[in-house]
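Read through the structure below, which is laid out as structure tokens, and then see the notes.
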Amino acid sequence: LRVVLLGSASLNIQSGLRESLAGRFELIRAHHWNFQESQQEFDWNLEQYLKFGGYPAAARYIEDTERWQSYIKDSIIEPVIGRDILGMVSITKPSLFRQTFEIAMHYPAQTLSYQKIVGQLQERGSTETVKHYLEILESAFLLRQVFKFSTRPLSTRESSPKLVPLAPALVHAFSSPKRIDVDNDWRGHIFESVVGAALAQATDKLFTWRERNLEVDYVMNIDGKIYAIEVKSGRRTRRSGLDAFLNSFPAATPIIVTPENCGPILTSDPLAGVEALRQ
């Protein structure tokens, strides 16, 4: 007898059950569609994926931006937030929760302090509330908080997180996909976010690094091996942050990801892709 339990919300596994089901189930994660899948199914190029990637059912609407955005909001985001999350988690201010999510989508792959998020809320909130809301959004696989790399694990989550949406469609439900065509900085953030989402799906050991004005976009610690990953799309050309990190961690392996060589990472096996790009 084979029993298959299907559900769109990871939170279903965590609440509403009287038993732990320990040892009696296997959690199989179905991630957002990656670039490789979208390329094979819809013949998308990288630009199209940066604008619309993540949800195959919405692909039919990409020629009508307003309809596409409505589909993502009404058929993807609202069911997850309004039904899956708010229906199972006690949140006293749902409007504040939705605002937190929308603010996070306006800062893809950017480090944002909890205090700065609180300052943009239309209602009164606290840093602890925002922190809790981001953790819930992370558990629902809508975004990933990437914290500063440190050799002291207990201090890692004390830093301000880099917010990485797990699909570009989640971002462009609130911002025009065409912004990529006219705003190079925005395109850089989206590309960095897409790379980060691929890495986040492959490992829990994903971090960022920053010292003063020097930064490395992503740091992975896999089986004791440290990879320093710099994402470049024309927004930045210097590698001073990468060099500074390597001075502090000489054993680290540098990886530079560009739109021209990102293919191996934006696949179903990003870790193999990282190995393929070793400098």
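The values are calculated or read from the model by the stated rules, or taken from the named source; none is laboratory data. All values derive from a computational prediction rather than experimental measurement. Neighbour counts run over all protein chains shown; Cβ positions are idealised from the backbone, glycine included. Side chains included, ligands, DNA and RNA excluded: accessible areas come from the protein's heavy atoms. Shrake-Rupley method; radii C 1.70, N 1.55, O 1.52, S 1.80 Å.
Observations on the structure shown:
- Residue match in the range 228-243 (condition: at pLDDT below 95, within 17 Å of residue 144 (Cβ to Cβ) and open to solvent by 10 Å² or more (accessible area, probe 1.4 Å)): no
- Residues (among the aliphatic types (A, V, I, L, M) and either touching a strand residue (DSSP E or B) at 6+ places or on another chain (Cβ under 7 Å) or over 15 Å from residue 45 (Cα atoms) (or both)) located in the range 174-198: 182, 195, 197, 198
- Residues within the range 265-279 that are within 18 Å of the chain's Cα centre (by Cα) and either surrounded by fewer than 19 Cβ atoms within 10 Å (Cβ to Cβ) or in a loop (DSSP other than H, G, I, E, B) (or both), tallied: 6
- Any hit, the range 80-87, residues being under 30 Å from residue 45 (Cβ atoms), crowded, with 19+ Cβ neighbours inside 10 Å and touching a residue at least 60 places away in the same chain (Cβ under 8 Å): yes
Results for (1) in a helix (DSSP H, G or I); (2) more than 30 Å from residue 214 (Cα to Cα); (3) of a type in the set (A, V, I, L, M, F, W, C); (4) at pLDDT 90 or above, shown as yes or no for each residue.
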site: 87; (1), (2), (3), (4): no, yes, no, no
site: 97; (1), (2), (3), (4): yes, yes, yes, yes
site: 103; (1), (2), (3), (4): yes, no, yes, yes
site: 108; (1), (2), (3), (4): no, no, no, yes
site: 122; (1), (2), (3), (4): no, yes, no, no
site: 132; (1), (2), (3), (4): yes, no, no, yes
site: 145; (1), (2), (3), (4): no, no, no, yes
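- Extreme residue, nearest to residue 200 (Cα to Cα), among residues of the range 132-145 that are touching a residue at least 12 places away in the same chain (Cβ under 8 Å) and out of contact with any strand residue (DSSP E or B) (no Cβ under 9 Å at 6 or more places or on another chain): 141
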